[in-house]
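Scroll down for the structure; my scribbles are underneath it.
The values are calculated or read from the model by the stated rules, or taken from the named source; none is laboratory data. Everything numeric in this text was worked out from a predicted model, so none of it was measured. Counting neighbours? That spans all protein chains shown, and the Cβs are built from the backbone with ideal geometry, glycine included. All accessible areas refer to the heavy atoms of the entire protein, side chains included, with ligands and DNA or RNA removed. Shrake-Rupley method; radii C 1.70, N 1.55, O 1.52, S 1.80 Å.
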Amino acid sequence: MLIAAASYQGNGGPAIPTRVPAVFPASWRFPAGTHGTFAQHGIVASDNVLAAQAGVEVMKEGGNAVDAAVATGFALAVAYPEAGNLGGGGYMVIRMADGRTAAIDYREAAPLAATRDMYVGPDGKLTGESVIGPKASGVPGSVAGMVEAHRKFGKLPLAKVLAPALRLASEGFVVDSAMYRSLRGENSRIGISSGKTLFLPGGSPPAIGSRLVQAQLAHTIKLIADSGARAFYRGSIADSIAAEMKQIGGLITKEDLARYQPVWRTPIRSSFRGYSFIAMPPSSSGGTTVTEILNILEAYGPPSRFGSAAEVHAVASASQRAFVDRNSKLGDPAFAKVPLATLTSKTYARSLARAISRDHADPTSSLGGTLREGSETTHYSVVDQFGNAVATTTTLNDLYGSGIYISGAGIFMNDEMDDFTSKVGVPNMFGLIQGEANAIAPGKRMLSAMSPTIVLDPKGGLLLVTGARGGPRIISATSQIILNVIDHRMSLGDAVSAPRIHHQSLPDSIRVERGGLDPAVLAALRAMGHGIVEGGGVASSNSIMRVSGGYEGMSDPRTAGGGAAGF
Ligand code: DON
């Protein structure tokens, strides 16, 4: 392997360790050696470039990374309706340049009328109502969470922060091929509600190159800009949501909306081979599981060569074990006793690492998992000119959520209820088999895999802001991008483009991205006893890394239409 000569000095911070050019298999679909977008001062990496530009606009007006994250979040709700949302929820991990860290949980909550077995039909089978239609939605948290993050950390007035999103909604934006394809692909979901009037006029999406104006959404954003989250949870927007829900048989009431509160949580602080990181605690499983995977790998020993059978075996075996814990022990901490300290402890990880054989796979059934076996989100990363950083992941769950559009508010509602355990032992839409800790209860938050994460270098300087979309594969993408940067010394472009693997304990096999591993490596893994399933992308990330003289922002080549913008 070649060793790059340059050592990176970023932004006055401590030296960044030398990067090593990556080598990918010849069959891999993305080339090694690509670069993202460079910016000297501030940068946003997002699945939608217009939304990234909204964040940059408020930074240029003096706003900080939290202002920019909120501006980007609202702009995503306008320009990227497949996942950006005001009708969903998410998580934000914040690290201010003065060292303060924070994590805000604005995950949806089950409505008060929700019941444990609400998706089990009279025949004992799941009805499918957790994934589409009026009963699939949790109480949305995005507006409350973003407005609260802005209240605590923002610099600019809220109206200024929401101005770019308001403009995108009221003046419209040009429909591009990515949006056209996305709408066309989901026409049956969007077609179940009044969303079709705006997004499928005459049965097809607005033409590529036409301008999409969202007057109702503009009105909603204006109300929030003028009077904060109250308008959404207690005012006329709440009235529209509750009225529509009542009419179509949904569960969310005005009382549900009035009771919703985002929660500030103590972020997970952990370390990996001398680097430290800040991650999201439950109600997301993301930070806990990323931490457990990294701890197991640190205890297992020094890394093997990227893409070798030994390396894939180690990462898959660590992920498999961490997912056994995730699927059986994690849930909303207000409802389930979550052994967070144990799951994130180095001692516990050492005991798990010791039990991993160097030469064979262990079946999940032998790992103490008590469960038997019986996509859409968006992550964005922000760094501002002051050195503050924000990692945010937000979701409607499926593309366009439940398909239910609240015409009076101009928003799609989520189908996040499917992230709960609808029935113990039965997989959800991501094939996750989860336990009692994540059973449905009124007011409870469904367990998430979202993993917004900020990594610091060994001297405490900001190094990496990362996270991904893609259900449980988010955890794999996030932990492997961190491994690529720290263990394999990849540049950000390589770390994000590199082939990824995924093992969520059940199904008991490694999912590998097609073409991502050499045939000899696949054969060696099979010989060790690993089941291998080749498939499409393992999640999709938008990450930022500190580089010489500034920052590099990289939007995952797995997702069309994303990009980074900076100044
Ligand atoms: O919170 C979760 O873990 C899921 N609702 C995330 C869904 C997702 O990432 C789908 N996106 N591609």
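If I filter segment 525-536 for residues that are in a loop (DSSP other than H, G, I, E, B), within 25 Å of Q320 (Cα to Cα) and modelled with pLDDT under 95, do I get at least one hit? Looking for residues that are in a loop (DSSP other than H, G, I, E, B), within 25 Å of Q320 (Cα to Cα) and modelled with pLDDT under 95, one finds at least one in segment 525-536, hence yes.
Taking the criterion of being crowded, with 24+ Cβ neighbours inside 10 Å, near the ligand (Cβ under 9 Å from one of its atoms) and either modelled with pLDDT under 95 or part of a loop (DSSP other than H, G, I, E, B) (or both), the residues of segment 411-431 that qualify are N414, D415.
The listed residues are G401, G387, G408, and the only one of them that is crowded, with 24+ Cβ neighbours inside 10 Å and either within 10 Å of the ligand (Cβ to nearest atom) or in a loop (DSSP other than H, G, I, E, B) (or both) turns out to be G401. Taking segment 518-559 as the range and being within 16 Å of the ligand (Cβ to nearest atom) and loosely packed, with under 14 Cβ neighbours inside 10 Å as the test, the residues that pass are G535, G536.
The helices (runs of 4 or more DSSP H) located wholly in segment 81-194 that include 2 or more residues which are over 25 Å from D419 (Cα atoms), modelled with pLDDT of 95 or more and open to solvent by 10 Å² or more (accessible area, probe 1.4 Å) occupy 142-153, 158-171, 177-185. Looking across segment 476-491, the residues that are of a type in the set (A, V, I, L, M, F, W, C) and over 14 Å from the mean Cα position of the chain (by Cα) come down to I482, L483, V485, I486, M490. Of all residues being more than 16 Å from the ligand (Cβ to nearest atom) and not in a strand (DSSP E or B) in segment 267-291, which is least open to solvent (accessible area, probe 1.4 Å)? Just the residue, please. This residue is T291.
The set of residues in segment 475-498 that are touching a helix residue (DSSP H, G or I) at 6+ places or on another chain (Cβ under 9 Å), in a loop (DSSP other than H, G, I, E, B) and open to solvent by 10 Å² or more (accessible area, probe 1.4 Å) comprises D487, H488, S491. If you go through segment 439-464 and keep only what is within 16 Å of the ligand (Cβ to nearest atom), surrounded by 24 or more Cβ atoms within 10 Å (Cβ to Cβ) and not basic (K, R), you end up with M446, L447, S448, A449, M450, S451, P452, T453.
Number of residues in segment 237-266 that are more than 16 Å from the ligand (Cβ to nearest atom) and within 24 Å of the chain's Cα centre (by Cα) equals 5. Please specify each residue of segment 241-263 satisfying the condition of being out of contact with any helix residue (DSSP H, G or I) (no Cβ under 8 Å at 6 or more places or on another chain) and not in a helix (DSSP H, G or I). Selection gives V263 alone.
Just to be sure before I move on: is V382 outside any loop (DSSP other than H, G, I, E, B) and more than 16 Å from the ligand (Cβ to nearest atom) in the structure I sent? Yes: the conditions hold for V382. Filtered by the rule that a residue be away from the ligand (no atom under 16 Å from the Cβ) and at positive phi, segment 465-517 gives R489, G515. Filtering segment 52-76 to residues that are among the small types (G, A, S) and more than 16 Å from the ligand (Cβ to nearest atom) leaves A52, A54, G55, G62, G63, A65, A68, A69, A71, A75.
Considering segment 228-266, and only residues there that are open to solvent by less than 20 Å² (accessible area, probe 1.4 Å) and aromatic (F, W, Y), the residue that is nearest to M417 (Cα to Cα) turns out to be Y260.
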